[in-house]
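A.B. asks: First the structure, then my questions, so here it is.
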Amino acid sequence: MTDDIRQYKIIFLGDKYVGKSSILNRFYQDKYEPDYNATIGLDFHSKKSNINGESIRLQLYDTAGQEKFQCLIPMYICDANIILIVYDITIKDSFTHTEYWVNATKDLKREDVIVVLIGNKIDLEDKRTVSTKEGEDFATEKGFLFHEVSSKTGDGIENLFFNKIFPEMVRKFNIGNEQEENEDNNGIQLDGQQQNVSKKGNLIKKL
């Protein structure tokens, strides 16, 4: 028997070794594996959540960044609701190559797809080759959300999902009780962790 709840597909794109799997793992179970093996083809996880009083299921798809698997990307993203394009702030080529991943999303004609450009490994600030402004400017040009994180330390991961992605889901996908007028009751809950978010996308408080 399957859950009678809405499901949303989140897919991670980006070159190999930029940390897609580590970001997913940090969000999914708040863990970091320093010796994470490269994804082969596709990896899948599922996380039940509650946003604005509505139970939903997040389907998390981690794709391989190796060139030999890139021909499969159109099939993976055709029904995606949220696309996370990841690059490594210490590897300029991984940022330059985000243009390829952006082009891969152009066949999606739906206006309700959320795309986020993510710069990973901000714990390696002394090795940075891609400035925050470069990332922000590129995301603005494409009409994407933008955020920087460290999958190693966890810095920025919570803000990425709670302050960027989930409020945008509330806005675009009409999640939650439309009759609820009190913002303090509009919350996001993941496995017992809850934060209150207004319909404008502002973080109110963490419970």
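The values are calculated or read from the model by the stated rules, or taken from the named source; none is laboratory data. Please read all numbers here as calculations on a predicted model, not as lab measurements. Neighbour counts are summed over all protein chains in view; Cβ atoms, including those assigned to glycine, are modelled from backbone coordinates with ideal geometry.
A.B. asks: Name the single residue, out of those in region 89-106 being surrounded by fewer than 23 Cβ atoms within 10 Å (Cβ to Cβ) and polar (S, T, N, Q), that is nearest to the chain's Cα centre (by Cα).
C.D. replies: T105
A.B. asks: Right, another one. Is it true that S46 is over 23 Å from G143 (Cα atoms), at pLDDT 85 or above, in contact with a strand residue (DSSP E or B) (Cβ under 8 Å, 6 or more places away or on another chain) and not in a helix (DSSP H, G or I)?
C.D. replies: On the way: over 23 Å from G143 (Cα atoms): yes; at pLDDT 85 or above: yes; in contact with a strand residue (DSSP E or B) (Cβ under 8 Å, 6 or more places away or on another chain): yes; not in a helix (DSSP H, G or I): yes.
In short, yes.
A.B. asks: Can you name every residue in region 1-32 that is under 12 Å from Y61 (Cα atoms) and part of a strand (DSSP E or B)? It would help to see each step written out before you state the result.
C.D. replies: To start, the set of residues in region 1-32 that are under 12 Å from Y61 (Cα atoms) comprises 8-13, 20-21, 23-25, 28.
Within region 1-32, Y8, K9, I10, I11, F12, L13 qualify.
A.B. asks: Right, here's the next one. Only one residue in V170, V86, V113 is among the hydrophobic types (A, V, I, L, M, F, W, C), surrounded by fewer than 19 Cβ atoms within 10 Å (Cβ to Cβ) and under 15 Å from the mean Cα position of the chain (by Cα), so which one is that? Talk me through it step by step, then tell me what you get.
C.D. replies: Working: V170 fails: surrounded by fewer than 19 Cβ atoms within 10 Å (Cβ to Cβ); V86 fails: surrounded by fewer than 19 Cβ atoms within 10 Å (Cβ to Cβ).
V113 is the lone residue from the list that is among the hydrophobic types (A, V, I, L, M, F, W, C), surrounded by fewer than 19 Cβ atoms within 10 Å (Cβ to Cβ) and under 15 Å from the mean Cα position of the chain (by Cα).
A.B. asks: Just checking, how many residues over region 59-73 are modelled with pLDDT under 70, within 18 Å of the chain's Cα centre (by Cα) and not in a loop (DSSP other than H, G, I, E, B)?
C.D. replies: So in region 59-73, the residues modelled with pLDDT under 70 come out as 64-73.
Add one more test, that the residue is within 18 Å of the chain's Cα centre (by Cα), and what stays is 64-65, 73.
Applying the additional criterion that residues be not in a loop (DSSP other than H, G, I, E, B) yields 73.
Within region 59-73, residues that are modelled with pLDDT under 70, within 18 Å of the chain's Cα centre (by Cα) and not in a loop (DSSP other than H, G, I, E, B) number 1.
A.B. asks: Find the residue count for region 128-148, including only residues that are without any contact (Cβ under 8 Å) to a residue 24 or more places away in the chain and crowded, with 18+ Cβ neighbours inside 10 Å.
C.D. replies: Number of matching residues: 1.
A.B. asks: Here's another thing I want to ask about it. Do any residues in region 149-178 that are at positive phi have Cβ atoms under 9 Å from those of residues that are in a loop (DSSP other than H, G, I, E, B), where the two are at least six apart or on different chains, and which pairs are they?
C.D. replies: Correct list of pairs: G154/D30; G154/Y32; G156/V149; G156/S150; G176/N52; G176/G53; G176/N186; G176/K199.
A.B. asks: Right, another one. Of everything in region 138-176, what is touching a Phe, Trp or Tyr at 6+ places or on another chain (Cβ under 9 Å) and either charged (D, E, K, R) or in a helix (DSSP H, G or I) (or both)? Give them in sequence order.
C.D. replies: F138, A139, T140, K152, I157, E158, L160, F161, K164, M169, F173
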